[in-house]
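Report on the structure given below.
Only the coordinates and a few stated rules stand behind these numbers; no lab work does. In this text, all values refer to a predicted model and were calculated from it rather than measured experimentally. Ideal geometry is used to build each Cβ from the backbone, glycine not excepted, and the neighbour counts take in all protein chains shown.
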Amino acid sequence: SMLTSRISRRILAEQHVALQQKRQNFVGIVCTQLDLHEAVDFAYRKAQQACVETYGTSPEVRVIGDQGEDAIISYIPAHLDYMLFELMKNALRATVENSILSGGGKGSRRKKMPSVTVKICKGRCAVTIKISDQGGGIDSVDERKVWNYGYTTVDENAGLEIDQGLDQGGALDLSGAAAGSNSHSKMAGLG
């Protein structure tokens with residue numbers, strides 16, 4: 001596809017330029033000592049900021065699994081950051097929205113918002129990063145669409161009424177997310 005071709009050309013060009021520069025723990029744009037715990041924390045902090053700006057709250061994230069040398073890989077940091085950030089935003093948004101719909105979340109004394117869990121597992125030939133949330137899952141109508149670049153389930157005509165969670169008619173009211181916020185675009189997916 002055109003998108004794959006563009007990414008491939010960009011990687012080749014960036015790698016060629018980066019090979020001319022000497023950086024510790026890098027071969028071109030590939031980091032040979034990429035710490036997965038630091039990458040997950042970086043993505044979480046960025047996603048948490050967007051979540052708080054949009055909803056006024058954010059769930060916590062627990063990182064479990066392999067640590068130390070088992071959580072070090074060779075990879076392109078910018079690509080991992082992008083993927084983790086998008087997945088983390090999805091998990092945080094789903095958790096906040098589901099928590100509010102079920103009567104929890106900010107302003108509620110009924111229950112604490114569940115955390116998002118990230119598990120890092122290194123096998124013989126691969127590393128798995130599993131992000132688990134209690135956001136209610138993907139609607140069966142959207143299952144095939146989520147693999148399309150740029151597809152999002154974020155409703156741009158919506159905002160979030162944190163303190164009440166539900167509007168008068170019982171639907172999730174997303175009209176007044178955080179103070180000064182008039183859009184959910186920060187939590188929308190980029191692909």
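Here are the numbers:
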read-out: Listed pairs Lys89/Lys112; Lys89/Lys119; Lys122/Lys145 exceeding 23 Å between Cα atoms; value: Lys122/Lys145
read-out: In nm, spacing of pseudo-spin labels at Asp41 and Gln67 (7 Å Cα→C-beta vector); value: 1.1 nm
read-out: Cα-centre dipole for region 19-62 with unit charges at Cβ (Lys and Arg positive, Asp and Glu negative), debye to 20; value: 220 debye
read-out: Linear extension gain, Asp81 paired with Ala13, 0.36 nm per residue minus alpha-carbon span; value: 22.5 nm
read-out: Extension gain from Ser1 to Ser74, taking 0.36 nm per residue of separation minus the Cα-Cα distance; value: 23.7 nm
read-out: Approximate spin-label separation Ser115-Leu101, in nm, with each point projected 7 Å along Cα-to-Cβ; value: 2.5 nm
